[in-house]
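Student: Structure in structure tokens, see below.
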Ligand code: GUN
């Protein structure tokens, strides 16, 4: 069996078209969703992510601003800027690109962002709301995965979801989101023993470990759904955490890298910013 390939890129384009129409409607009511992205330093990978976020928001007709700060920016200065953005009524979404330089306490910055403008969904208040099953901003990559599964008509309720990775950005929140959808969730990570015993038992396997080719066809069961969140550069080529060629022969559905989960992350950021703008004007 060769798997059905779930192209996040295609779905992202459909969703962004719907969002463009929504932004046009909102602007008729005088609501102009605005995202401000803050980046410190010039790391090429971060810069490329951030430019992608800005381009995408402009494409759907949203207002967007990129604040490029020096790598040496003191923590106090960044906190002052966040405070100004919190108080600026024209700004609906604030995203500070991570990771941050070493002089800055990342958690302090995350907690400084007003939860009602936290379109990343990283603030402990929003993480807590997700955990308690309340409406909130869901972190963009996990939310993108959920939307992909739903649009591909993959049943989640009662299914065994195995996640490799336990980051605050992806592993933990995707587990929580799918638990809220009534999945049975297993979290694996770098200290998990006998990883294959777990991955073999997955109906849906989500790999967010940051290790190229960690999972191969041998690690999955016939008919499993495989979601690859990895973004690795090997010999200059972008590759995921899953060996696509061997896994696609056993999976029922699989996401590629690139053109899989990545484009959905930015799309859900746009979704969250529109949601923030609508909430404020309710
Ligand atoms: N760095 C890598 N991914 C992300 C993300 O989704 N949000 C932020 N703020 N930083 C990131």
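Student: Scan region 94-103 residue by residue and report those that are part of a loop (DSSP other than H, G, I, E, B) and within 13 Å of the ligand (Cβ to nearest atom).
Tutor: 97, 98, 99, 100
Student: Something else now. Of all residues in region 41-75, which are under 25 Å from residue 108 (Cβ atoms) and without any contact (Cβ under 8 Å) to a residue 12 or more places away in the chain?
Tutor: 43, 45, 47
Student: Looking at the structure I just gave you, is residue 150 in a helix (DSSP H, G or I), within 16 Å of the ligand (Cβ to nearest atom) and either closer than 17 Å to residue 262 by Cα or at pLDDT 95 or above (or both)?
Tutor: Criteria not met by residue 150.
Student: Kindly provide the set of residues from region 112-143 that are more than 11 Å from the ligand (Cβ to nearest atom), in a loop (DSSP other than H, G, I, E, B) and within 16 Å of residue 268 (Cα to Cα), ordered by number.
Tutor: 135, 136, 137, 138
Student: While we're on this one: Take the residues in region 167-205 that are touching a strand residue (DSSP E or B) at 6+ places or on another chain (Cβ under 7 Å) and within 16 Å of the ligand (Cβ to nearest atom), then tell me which one is nearest to residue 242 (Cα to Cα).
Tutor: 171
Student: A further question on this structure: When you look at residue 274, is it more than 20 Å from residue 13 (Cβ to Cβ) and modelled with pLDDT of 95 or more, yes or no?
Tutor: No.
Student: So, one more: Can residue 86 be described as within 15 Å of the ligand (Cβ to nearest atom), without any contact (Cβ under 8 Å) to a residue 40 or more places away in the chain and not in a loop (DSSP other than H, G, I, E, B)?
Tutor: Criteria not met by residue 86.
Student: Conditions: (1) crowded, with 17+ Cβ neighbours inside 10 Å; (2) within 21 Å of residue 273 (Cα to Cα). Residue 124 meets all but one. Number of the miss?
Tutor: The number of the failed condition is (1).
Student: Let me ask you something else. Can you say whether residue 91 is within 16 Å of the ligand (Cβ to nearest atom), outside the structural domain of residue 45 (by TED's automatic domain parsing) and within 18 Å of residue 62 (Cβ to Cβ), as far as the supplied structure shows?
Tutor: No.
Residues checked against (1) over 20 Å from residue 229 (Cα atoms); (2) at pLDDT 95 or above; (3) touching a helix residue (DSSP H, G or I) at 6+ places or on another chain (Cβ under 8 Å):
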| residue | (1), (2), (3) |
| --- | --- |
| 4 | no, yes, no |
| 24 | yes, yes, no |
| 28 | yes, yes, no |
| 31 | yes, yes, yes |
| 34 | yes, yes, yes |
| 54 | yes, no, no |
| 62 | yes, yes, yes |
| 69 | yes, yes, yes |
| 73 | yes, yes, no |
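Student: Looking for something under 17 Å from residue 34 (Cβ atoms) and over 19 Å from the mean Cα position of the chain (by Cα) - is there at least one such residue anywhere in region 116-139?
Tutor: There is no residue in region 116-139 that is under 17 Å from residue 34 (Cβ atoms) and over 19 Å from the mean Cα position of the chain (by Cα).
Student: When you look at residue 51, is it under 19 Å from the mean Cα position of the chain (by Cα) and within 15 Å of the ligand (Cβ to nearest atom), yes or no?
Tutor: Criteria met by residue 51.
Student: Name, by its number, the condition in (1) within 25 Å of residue 56 (Cβ to Cβ); (2) more than 16 Å from the ligand (Cβ to nearest atom); (3) surrounded by fewer than 23 Cβ atoms within 10 Å (Cβ to Cβ) that does not hold for residue 255.
Tutor: Exception for residue 255: condition (3).
The values are calculated or read from the model by the stated rules, or taken from the named source; none is laboratory data. Quick caveat, the model's predicted, so the values are computed rather than measured. Methodologically, a virtual Cβ is constructed for each residue, glycine included, from the backbone with ideal geometry; neighbour enumeration extends over all protein chains shown.
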